[in-house]
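The values are calculated or read from the model by the stated rules, or taken from the named source; none is laboratory data. Just so it is clear, the model here is predicted, and its values are computed rather than measured. Counting neighbours? That spans all protein chains shown, and the Cβs are built from the backbone with ideal geometry, glycine included.
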Amino acid sequence: MAKINLTTGRISSFKCAESKKQDFLWCNEVKGLAVRATAGSMIKRYIYQSRFSGKTIRLTIGKTDVWSIRAAKEEARRLQIIIDQGDDPREVKREKATIKKAAEIAKQQEERRERCTFGEAWHEYVNVRKSKWSESHLKDHLKMIRSGGETRNRSNKLTIPGCLTPFMDVRLQNISKELLTEWAEKESKERPTQARLALRLVRAFLNWCIEHDLYKDIVQNNPTKNKSIRELLGKPQVKNDVLQREQLSVWFNCTSSDLI
């Protein structure tokens, strides 16, 4: 295994012998460093060869048109240091790749958390949970976020936006006691009954977020449990209206005629 001083010219003119599948140009300065050429290919790569745990190992450093001779030598020395320390450079490389991948995933999740809106999480929540709900319960969730502006079935008036539409574009991490208090003050004057239902639905939704793998880092407590918000929306009024005895005959006549 002849060794020579690696130069740009020698690497450029080096070719795989016709009788071989691959050939090596070994460096005389750094033990184990070589240029590898393969049959039928113009691409040449720096490789590093050494022994680990009694076996020969060979690692690819990179293409000769990307790595300089100096950089390849430094990388070969780095790999030998790893071996001298009793570590397998292949395992070190895999561990490094795993750590890098985990960091990339963590970064992507952090970016998603940063831009995740109430609406995005709400839609996911509904899709995940709807199979366990009654039809009416599902309709309540959909009604709360409808955009409004549609013609009503029994009148020419347009539907109004649902109670929770103001939150749809708000970042989930910004759903706070203060924001809900401001919302409750407004809704309590216009549609308290719907607002109380909406608050109950949001409470369940945020509880789900707290246990969700992605959202649990965004939602760490449930602001809907704040007493002042519930007090703003008040309690449902008890209905005391009942049919009087003298009204029963009229009611039965009307309902009977509807059944015919």
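Quick one: what pairs do we get from region 120-139, first residue under 24 Å from ARG171 (Cβ atoms), second of a type in the set (Gly, Ala, Ser) and modelled with pLDDT of 95 or more, C-beta under 9 Å, 6+ apart or different chains?
From region 120-139, the pairs are TYR125/ALA204; ARG129/ALA204.
What number of residues within region 143-166 are under 25 Å from LEU214 (Cα atoms) and in a loop (DSSP other than H, G, I, E, B)?
2
Could you pull out the residue among ASP169, ASP140, ASP87 that is part of a loop (DSSP other than H, G, I, E, B), of a type in the set (D, E, K, R) and touching a helix residue (DSSP H, G or I) at 6+ places or on another chain (Cβ under 8 Å)? Reasoning before the result, please.
Working: ASP140 fails: part of a loop (DSSP other than H, G, I, E, B); ASP87 fails: touching a helix residue (DSSP H, G or I) at 6+ places or on another chain (Cβ under 8 Å).
The unique qualifying residue is ASP169.
Restricting attention to region 108-115, does a residue exist that is without any contact (Cβ under 8 Å) to a residue 40 or more places away in the chain and either touching a Gly at 6+ places or on another chain (Cβ under 9 Å) or aliphatic (A, V, I, L, M) (or both)?
Looking only at region 108-115, we keep the residues that are without any contact (Cβ under 8 Å) to a residue 40 or more places away in the chain, and these are 108, 110-111.
Filter once more, so that each one left must be either touching a Gly at 6+ places or on another chain (Cβ under 9 Å) or aliphatic (A, V, I, L, M) (or both): none.
No, because not a single residue in region 108-115 is without any contact (Cβ under 8 Å) to a residue 40 or more places away in the chain and either touching a Gly at 6+ places or on another chain (Cβ under 9 Å) or aliphatic (A, V, I, L, M) (or both).
Using the structure shown, decide if ALA103 is of a type in the set (Gly, Ala, Ser), under 30 Å from the mean Cα position of the chain (by Cα) and modelled with pLDDT under 95.
yes
I'd like to verify a number: residues in region 147-164 that are touching a helix residue (DSSP H, G or I) at 6+ places or on another chain (Cβ under 8 Å) and modelled with pLDDT of 90 or more, how many?
So in region 147-164, the residues touching a helix residue (DSSP H, G or I) at 6+ places or on another chain (Cβ under 8 Å) come out as 147-148, 162-164.
Subset that is modelled with pLDDT of 90 or more: 162-164.
So the count comes out to 3.
Looking at (1) in contact (Cβ under 8 Å) with a residue 40 or more places away in the chain; (2) of a type outside the set (Ser, Thr, Tyr); (3) under 26 Å from LYS93 (Cα atoms); (4) out of contact with any Gly (no Cβ under 8 Å at 6 or more places or on another chain), which is the only condition ALA76 fails?
Among (1) in contact (Cβ under 8 Å) with a residue 40 or more places away in the chain; (2) of a type outside the set (Ser, Thr, Tyr); (3) under 26 Å from LYS93 (Cα atoms); (4) out of contact with any Gly (no Cβ under 8 Å at 6 or more places or on another chain), ALA76 violates only (4).
For region 62-72, state whether one or more residues are free of Cβ contacts under 8 Å to residues at least 12 places away in the same chain, closer than 18 Å to VAL30 by Cβ and either assigned to a helix (DSSP H, G or I) or outside the structural domain of CYS27 (by TED's automatic domain parsing) (or both).
Yes, because at least one residue in region 62-72 is free of Cβ contacts under 8 Å to residues at least 12 places away in the same chain, closer than 18 Å to VAL30 by Cβ and either assigned to a helix (DSSP H, G or I) or outside the structural domain of CYS27 (by TED's automatic domain parsing) (or both).
Name the residue that is surrounded by the most Cβ atoms within 10 Å (Cβ to Cβ), counting only residues in region 175-195 that are within 35 Å of the chain's Cα centre (by Cα) and in a loop (DSSP other than H, G, I, E, B).
The qualifying residue surrounded by the most Cβ atoms within 10 Å (Cβ to Cβ) is ILE175.
Quickly run through region 139-159 and pick out the residues that are aliphatic (A, V, I, L, M) and surrounded by 15 or more Cβ atoms within 10 Å (Cβ to Cβ).
MET144, ILE145, listed by residue number.
Report every pair of residues separated by at least 6 positions or lying on different chains whose Cβ atoms are under 7 Å apart, first residue within region 6-29 and closer than 19 Å to LEU59 by Cα, second of a type in the set (Val, Ile, Thr) and part of a loop (DSSP other than H, G, I, E, B).
ILE11/THR64
Restricting to region 1-54, give me the number of residues that are over 27 Å from GLY86 (Cα atoms), among the acidic types (Asp, Glu) and surrounded by 10 or more Cβ atoms within 10 Å (Cβ to Cβ).
1
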